[in-house]
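Colleague: This is the structure I want to talk about, given as structure tokens.
The values are calculated or read from the model by the stated rules, or taken from the named source; none is laboratory data. Everything numeric in this text was worked out from a predicted model, so none of it was measured. Virtual Cβ from ideal backbone geometry, glycine too; neighbours counted across all protein chains shown.
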Amino acid sequence: MTRPPSYALLAAAAVAALAAACSDRPLPADAASGGTGNFGLGGAGGGTFTPTRKVDMLFVIDDSPETTLMQENLVRNFPVLMNTLQNSPQGLPDLRIAVVSTDMGAGDGSIASCDASGGKNGIFQYTARGDCTSTGLAPGATFIANNGVVQNYTGPLADVFACIARLGEQGCSFEHQLAAATRALGADGRAPPEENQGFLRPEAYLFIIVVTNEDDCSAPPGSALFGSTSSGLDSPLGPPVSFRCNEFGHLCNGVKPPRQAPNGDVTSAVTLEGCVSAEDAGMLIPVSKVVEQLRSLKRFPDQQIAVATVAGPPTPYTVKWHAPTSRDTGPWPEMAQSCTASDASWADPAVRLTQWAAAFGNNGASVSVCNTDYAPSFQRFGDILKQ
């Protein structure tokens, strides 16, 4: 789906996280205009925490259909992040930057663009795409590395990132944003993929940035959620559409979002409140489990981990219906957009992703893709960097 040019705030949020980490000075709660969280890297981790200027950044990028504009916005604004870091009092930190797809497959392979073997399996994406003939990465390199003296690439860093971040839009439409992050980092109980070895440094800050157009639908491997053998409106799982992620991944005031339209009316719309991750009552991986897995990567997670989501706000949460695409007993459910930007692009409510970011307290931020003016946020972040 289309996106407004909102990813500049992503860069500002990252800058704020790094600035706070290096200065041990948390940002005020209202620093991220239009979002939540402030990236203050404070808190107690047990023992003695020694600050460092090493930062490992993982970009989790949605490559499902209709995400090209989103990726272009990210690529276009990435230099803002690098330039701001370079112009900070201490210069560019010791950086490692990796890119991973949200495609973790789904079902038995009968769903378009979703294979049955784990999709891209959390493996770092490091090959040239689009107009790029070469990424500029050194032979064998699977992520960007620059410690301020030595780098593993040639050419501008922003050009290297652009080459590996334009993932296209052939990925699975049942996005597994959180599962992709844990798989990429080896936080899910298995060793990280071979291509990802050597990226994560124990002493470094970890910053995870999820850039997506829909909510997380991370299900355990082999989940029955994406089955296609029984897919009618009255079947156990309902139509084989993304609403399954809502029905079996969310609870609104303790109840699943409704699959059936009131009185079978295709024009119906129902707005719900109190929507949260269904956790153990659903079919998706509990958000709390993902948080626990990621925190286990660091000895001092309160000081060393920051996360950000660039997605739709979690409210309003409205279910609407449309005519079924195959013969069925009634209309099929779908989510209404939770916001619309001035360029008519829009986003669905990201309930689980917002909850995930909030679980990191001051170290988590959720940014709406429908914001269009980031000048106040950039000014505020600039002030913090100057301090």
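Colleague: Please work out which one of (1) more than 19 Å from Leu206 (Cα to Cα); (2) under 20 Å from the mean Cα position of the chain (by Cα) is the condition Val149 fails and give its number.
Modeller: If we test Val149 against (1) more than 19 Å from Leu206 (Cα to Cα); (2) under 20 Å from the mean Cα position of the chain (by Cα), just (2) comes out false.
Colleague: How about segment 68-95: which of its residues are of a type outside the set (Val, Ile, Thr), over 13 Å from Leu157 (Cβ atoms) and in a helix (DSSP H, G or I)?
Modeller: Listed by number, the residues that qualify are Leu69, Met70, Gln71, Glu72, Asn73, Leu74, Arg76, Asn77.
Colleague: Has segment 70-87 got any residue that is modelled with pLDDT under 50, surrounded by 23 or more Cβ atoms within 10 Å (Cβ to Cβ) and within 28 Å of Pro314 (Cβ to Cβ)? I'd like the intermediate steps shown before the answer.
Modeller: Initially, segment 70-87 is screened for residues modelled with pLDDT under 50, giving none.
No, because not a single residue in segment 70-87 is modelled with pLDDT under 50, surrounded by 23 or more Cβ atoms within 10 Å (Cβ to Cβ) and within 28 Å of Pro314 (Cβ to Cβ).
Colleague: Also, I was wondering about something else. Just give me the residues in segment 351-387 being in a helix (DSSP H, G or I) and either in contact with a Lys or Arg (Cβ under 7 Å, 6 or more places away or on another chain) or at pLDDT 80 or above (or both), in sequence order. Outline the logic, then answer.
Modeller: Within segment 351-387, the first condition is being in a helix (DSSP H, G or I), and the residues that meet it are 351-358, 361-363, 375-386.
Of everything in segment 351-387, those that are in a helix (DSSP H, G or I) and either in contact with a Lys or Arg (Cβ under 7 Å, 6 or more places away or on another chain) or at pLDDT 80 or above (or both) turn out to be Val351, Arg352, Leu353, Thr354, Gln355, Trp356, Ala357, Ala358, Gly361, Asn362, Asn363.
Colleague: Condition (residue is touching a Phe, Trp or Tyr at 6+ places or on another chain (Cβ under 7 Å), among the aromatic types (Phe, Trp, Tyr) and more than 14 Å from Gly312 (Cα to Cα)) applied to segment 323-340: is it met by at least one residue?
Modeller: yes
Colleague: Can you pull out the residues in segment 44-82 that are aliphatic (A, V, I, L, M) and in contact with an Asp or Glu (Cβ under 8 Å, 6 or more places away or on another chain)?
Modeller: Residues of segment 44-82 that are aliphatic (A, V, I, L, M), as a first pass: 44, 55, 57-58, 60-61, 69-70, 74-75, 80-82.
Selection gives Ala44, Val55, Met70.
Colleague: Say whether the condition of being modelled with pLDDT of 80 or more, hydroxyl-bearing (Ser, Thr, Tyr) and more than 22 Å from Ala181 (Cα to Cα) is met by at least one residue in segment 51-61. Explain how you work it out, then say what you get.
Modeller: Applying the first criterion (modelled with pLDDT of 80 or more) to segment 51-61 yields 51-61.
Retained after the next criterion (residues that are hydroxyl-bearing (Ser, Thr, Tyr)): 52.
Right, trim to more than 22 Å from Ala181 (Cα to Cα) and you get 52.
Checked against the condition, which is being modelled with pLDDT of 80 or more, hydroxyl-bearing (Ser, Thr, Tyr) and more than 22 Å from Ala181 (Cα to Cα), segment 51-61 yields at least one hit.
Colleague: Quick one: in segment 214-257, which of the residues that are under 22 Å from Gly122 (Cβ atoms) and hydrophobic (A, V, I, L, M, F, W, C) is surrounded by the most Cβ atoms within 10 Å (Cβ to Cβ)?
Modeller: Checked segment 214-257; the qualifying residue surrounded by the most Cβ atoms within 10 Å (Cβ to Cβ) is Cys217.
Colleague: Still on this structure, please answer the following. Given the conditions (1) in a loop (DSSP other than H, G, I, E, B); (2) surrounded by fewer than 20 Cβ atoms within 10 Å (Cβ to Cβ), and given that Ala158 satisfies all but one, which numbered condition is not satisfied?
Modeller: (1)
Colleague: Give the number of residues within segment 152-161 that are under 21 Å from the mean Cα position of the chain (by Cα) and over 22 Å from Arg201 (Cα atoms). Spell out how you get there, then give the answer.
Modeller: First, the residues of segment 152-161 that are under 21 Å from the mean Cα position of the chain (by Cα): 158, 160-161.
Add one more test, that the residue is over 22 Å from Arg201 (Cα atoms), and what stays is 158.
The number of residues fulfilling the criteria is 1.
Colleague: Taking segment 88-103 as the search range and keeping residues that are in contact with a Cys (Cβ under 9 Å, 6 or more places away or on another chain) and of a type outside the set (S, T, N, Q), which one is surrounded by the most Cβ atoms within 10 Å (Cβ to Cβ)?
Modeller: Asp103
Colleague: Which one of these is without any contact (Cβ under 8 Å) to a residue 60 or more places away in the chain and surrounded by fewer than 20 Cβ atoms within 10 Å (Cβ to Cβ): Gly264, Gly274? Give the derivation first.
Modeller: Numbers: Gly264 fails: without any contact (Cβ under 8 Å) to a residue 60 or more places away in the chain.
It is Gly274.
Colleague: For Asp348, are the conditions met, namely being of a type in the set (Asp, Glu) and surrounded by 22 or more Cβ atoms within 10 Å (Cβ to Cβ)? Break it down into steps so the answer makes sense when it comes.
Modeller: On the way: of a type in the set (Asp, Glu): yes; surrounded by 22 or more Cβ atoms within 10 Å (Cβ to Cβ): yes.
So Asp348 passes the test.
Colleague: Kindly establish whether Trp321 is part of a helix (DSSP H, G or I) and either within 17 Å of His250 (Cβ to Cβ) or over 20 Å from the mean Cα position of the chain (by Cα) (or both).
Modeller: Values: part of a helix (DSSP H, G or I): no; either within 17 Å of His250 (Cβ to Cβ) or over 20 Å from the mean Cα position of the chain (by Cα) (or both): yes.
Against the criterion (part of a helix (DSSP H, G or I) and either within 17 Å of His250 (Cβ to Cβ) or over 20 Å from the mean Cα position of the chain (by Cα) (or both)), Trp321 does not qualify.
Colleague: Let me ask something else. Mind listing just one residue for me: the one in segment 119-140 that is out of contact with any helix residue (DSSP H, G or I) (no Cβ under 7 Å at 6 or more places or on another chain) and buried (at least 18 other Cβ atoms within 10 Å of the Cβ) and, of those, modelled with the highest pLDDT?
Modeller: The selected residue is Lys120.
Colleague: Next question. Find the helices (runs of 4 or more DSSP H) located wholly in segment 240-304 whose residues include 2 or more that are modelled with pLDDT of 95 or more, and list them. Spell out how you get there, then give the answer.
Modeller: Values: elements: 243-247, 287-295, 301-304.
By residue number, 243-247, 287-295.
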